[in-house]
1. Would you point out the residue of segment B:262-275, among those that are at the interface with chain A (Cβ under 7 Å from one of its Cβ atoms) and under 27 Å from the mean Cα position of the chain (by Cα), that is nearest to residue B:289 (Cα to Cα)?
2. Taking helices (runs of 4 or more DSSP H) that do not extend beyond segment A:148-227, which have at least 2 residues that are away from every other protein chain (no Cβ under 14 Å), over 28 Å from residue A:129 (Cα atoms) and free of Cβ contacts under 8 Å to residues at least 40 places away in the same chain?
3. Which residue out of B:228, B:259 is touching a residue at least 60 places away in the same chain (Cβ under 8 Å), more than 25 Å from the chain's Cα centre (by Cα) and more than 10 Å from chain A (Cβ to nearest Cβ)?
4. Out of the residues in segment B:338-349 meeting the condition of being under 14 Å from residue A:29 (Cβ atoms) and touching a helix residue (DSSP H, G or I) at 6+ places or on another chain (Cβ under 7 Å), tell me which one is modelled with the lowest pLDDT.
5. Filter segment B:283-300 down to the residues that are within 7 Å of chain A (Cβ to nearest Cβ) and either within 29 Å of residue B:81 (Cβ to Cβ) or surrounded by 21 or more Cβ atoms within 10 Å (Cβ to Cβ) (or both) and list them by number.
6. I'm trying to understand the selection: among the residues of segment B:301-348, which are more than 11 Å from chain A (Cβ to nearest Cβ), crowded, with 24+ Cβ neighbours inside 10 Å and not in a helix (DSSP H, G or I)?
7. State whether one or more residues within segment B:162-174 are free of Cβ contacts under 8 Å to residues at least 12 places away in the same chain and buried (at least 16 other Cβ atoms within 10 Å of the Cβ).
8. How many residues are modelled with pLDDT under 85, more than 22 Å from residue A:198 (Cα to Cα) and away from every other protein chain (no Cβ under 14 Å) if we restrict to segment A:56-72?
């Protein structure tokens, strides 16, 4: 069979030419492909290698354990407590709804928990653990673990959370941590990457806030390989980070606890300072609150209750509260006058019950007056007129200088929140702050710790410690950081005339131990433990001439917030001062009745290192004291109950 | 010289035909396929059973088919070209009616163990039909507009059917292959000039009118073009695949990360890693050396095809081999352009390497046709 075929020779040259053209185009395109390979794989290889690495490697932060806070004897004040949460992983759970229903039979779950968990599981990848319930009890964890075979995909995870074992007792000093908020972050200049961890806890107040940088520690990092949908494939490297530094405070947990318990029910503050080292053994603030409420974020109800309480439980009154020091300021005025030579200790002034200065009558607290008074008696009886006179002779500037020398009107460097400066007013101060000239009447008021003078309980304690020792005692709250002892607070001698100082201490001794002293009822009779002190009662309202004429209204008849503040300072033992104490009871009435007994009890507690024997008290008080000690023991045993639930 | 003259005299017969097979070409095809097996094993983290084993089985089957096609005289294929074309067209229609739709709207028909994609088949049958047409058409009528109508119909029938699937990538490949055969057959260059000119003009018009009230495309279509031109504009959306593909390719560097060490593919950042984007895994694990070696092997295959075409003396064989060469070239060129970010992602697999049954079989049969022409060529 023969078929007609098209001979190729006819179109051969054209065909070859066309094929060669086509081949050239193909070679050209292949050249482009080769060039592109070189461009991507050789020229830009490093860039793409970096991108590939970024793709697959994720950095995770490992939160370090926060530094612990101890008292001076090693009692833990702030610890890290394991907290457990129950999580579920969808891909391991099979039917999540059924697994959760079974979980509800094992441990208490609210209906909302299950619904919320199922909803959350729909939003995340199937391998991401979803929290079913946070902060569950150890019992629940045990039950879930025991029933693990019936609960596929459900496990317990553990984390660390701050816990304050002595919660309310040290709330104001130690402060508290809380979850870091966007607002907190916006205030920080260069926030630690740790703060990006959701609900990371950081110090909000007190020592927790002030020593945040030391307590926090350094974040560890974990480099993990993830795939395209974010599943963790393996861990590449791990760096555990550095745990936070442990901090030891100068507080004595027992004494602190006692001070809080002794003041319970009042709105008051007390400071116990070691005269020989400046160590703050107790910084009491009443009423108090449970800092553990803040750790996980406080509820609105609790917050409102704490914030609207007229006793201001959140305020650290011992360092934040500035009060007119009243008669406790008289040592300052007297020392300023005698040190300058304006007045000698033997000089006597006549007290008729009032003093007229430029047409205004300034009254002594004793209507009938004290008659002729020298320095020793003026302090013992707390005669106001003596100080009106002495104050005018020495002048305000020297009084203010003495106040600052003794620690009033200067901010002490204590790592607590919002430490107040107080006011030791002088001519310049009034010009700056009130744009007015200083008047004699201002001096008269200031000489008995009224008018513009303001001092915090901490400052009053420091003042007392300086009078007791004659040394520049500065308060110290941090004993050791990371085991390193911090410098002592005992400074150089103040350079005051020791003879005068001895006279001041002697009359403070008589305030308590002389039968006519204003605090005689609060004396200590135990051998070698006797104390010296000074009462103070500061007015928070003006007494009009009219009221004075018909008789000053007594504190009991006034609403709480208009009553006088009761103040007290003391040091003990008299012959070898170890502790100085300052007590302020807000609107507590007279210092001798409301504040001095608290000071006495705290002092005895500090001296004995526990509850003192009743023999330390005068025999007529013992019955009353025994009752009170029983009450306080009960409160101290109940501290572990959160303050607000108790209330 | 008449075909029949040498048919009897020079063409080997029986088992002696095996000696005349273009063995270097067979070796090259096998070598490229083996690169595919290695990559398919690597992508499955060393597991052969997932992709490599089925692929090897299909290659074995395809190899037997290739040799059977090669042993059959070329004039048999020439005379059955029309039937093959009509059958493939029928399959395309059938798949429209009863076919199954999968990822990327590829349609296939289940024939026993085999999933047949008729669009793959029609690429080769079109080349067969066009080669047979121009073999029959006297040379002086090649550029005659009237005689240009049948081949254009031959081309556009499968193109329209494939576009309807819709499978833009294969449609473009069919169109390109057909055009290349027409070009080699000697159709006047002015026709091509007009076509390229109008395409250029259309593209220009599309871009020029953008932002005006009479723009040609919808805004979202323009945005797709933008994403193609600069994938970094939308790295997590439409540009994600191509961005990750380039990262995989580029991060391989010169020598690569090593067998089964490619993080981009192993961690699933790479999409379609065993089919369309298999080159990126190859490049990531074997670097520039690996990807360039593959390009080089492809180039050698083209070179052998071109030589084989030139060695043939009849138009049918020449057009057939050149057409198959262009099909092969367009497959790997478009795929490589696509995975290296030089062309839009249209879903074209890498020939002989990507996982996929139909294409591998069709390609091996096509190489069988080349061998048939080579064995039975006039000597």
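The values are calculated or read from the model by the stated rules, or taken from the named source; none is laboratory data. All of these numbers come straight from a predicted model, not from anything done at the bench. Cβ sites come from the backbone with ideal geometry, for glycine too, and all protein chains shown count toward neighbours.
1. Step one: list which residues in segment B:262-275 are at the interface with chain A (Cβ under 7 Å from one of its Cβ atoms), which gives B:263-264, B:267-269.
Filter again for under 27 Å from the mean Cα position of the chain (by Cα), leaving B:264, B:268-269.
Details: B:264: 18, B:268: 23, B:269: 23 Å.
Checking each candidate, the answer is B:264.
2. Numbers: elements: A:171-174, A:182-187, A:206-210, A:212-216.
Those helices (runs of 4 or more DSSP H) span A:182-187, A:212-216.
3. On the way: B:228 fails: more than 25 Å from the chain's Cα centre (by Cα).
Result of the check over B:228, B:259: B:259.
4. If we filter segment B:338-349 for residues that are under 14 Å from residue A:29 (Cβ atoms), which is where we start, we get B:338, B:340, B:342-343.
Now drop any that are not touching a helix residue (DSSP H, G or I) at 6+ places or on another chain (Cβ under 7 Å), which leaves B:340, B:342-343.
Details: B:340: 90, B:342: 87, B:343: 83.
Of everything passing the filter in segment B:338-349, B:343 is modelled with the lowest pLDDT.
5. Of the residues in segment B:283-300, the ones within 7 Å of chain A (Cβ to nearest Cβ) are B:283, B:287-288, B:291-292, B:295, B:299.
Listed by number, the residues that qualify are B:283, B:287, B:288, B:291, B:299.
6. Result: B:348, single match.
7. To start, the set of residues in segment B:162-174 that are free of Cβ contacts under 8 Å to residues at least 12 places away in the same chain comprises B:163.
Remaining after also requiring buried (at least 16 other Cβ atoms within 10 Å of the Cβ): B:163.
There is at least one residue in segment B:162-174 that is free of Cβ contacts under 8 Å to residues at least 12 places away in the same chain and buried (at least 16 other Cβ atoms within 10 Å of the Cβ).
8. 0
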